[in-house]
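What follows is one structure encoded as structure tokens, with my remarks underneath.
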């Protein structure tokens, strides 16, 4: 099992730095087959057929047939995603230590059939975050997105 920072989920949130962590299983881990899935490889330009005014393919039966004809690949999806909220001064090493601890906890819960993360404390927030704190959180979130996370 392992964890990764999902960079699209790192931002300022309610006066804190939000860090999205994805937790993955590896071959031999409990219930691995539930998240080791075969998926269609969608082309970058998307569905070439007709779409309705909201952008949904029509008719659905043609879209389904198109998807079925695409090449496929195996992928491992996260068994759990978690948002961590930290102060902007929190170093990468502390984030990694927290993520390591959560990985152990969430995997134990997952292995025993429980939903990972139940019972964790609610998100701490800064009621009246000033513009300096918000800017500091935004800078730190950008640093986290740019960092090379070696697990």
So what's the angle, to the nearest 10 degrees on a 0 to 90 scale, between helix 92-111 and the longest Cα principal axis of the chain?
60 degrees
Let me know the shape class of the stretch 60-109, please: from the alpha-carbon gyration tensor, a ≥ b ≥ c as square roots of the eigenvalues, rounded when a/c is under 1.5, otherwise prolate if a/b is greater than b/c, or oblate.
prolate
Fully extended, how many nm does the chain gain between residue 37 and residue 142 (0.36 nm per residue separation, minus their Cα-Cα distance)?
34.7 nm
Using a ≥ b ≥ c from the Cα gyration tensor of the stretch 14-66 (square roots of the eigenvalues), is it rounded, prolate or oblate, where a/c under 1.5 gives rounded and otherwise the larger of a/b and b/c decides, a/b for prolate?
oblate
Taking Cα atoms, how many degrees apart are the long axis of helix 131-146 and the longest axis of the chain, rounded to 10 and kept between 0 and 90?
50 degrees
Which of 105, 20, 122 fluctuates most in a GNM of the chain (C-alpha springs under 10 Å)? That residue is 122
For the chain, what are the per-bin percents of Cα-Cα distances with bins 5 Å wide, up to the bin holding the maximum?
2, 8, 14, 14, 13, 12, 12, 12, 9, 4, 0
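Bear in mind that the values in this text are calculations on the coordinates, not laboratory data. These numbers come from a predicted model, not from an experiment.
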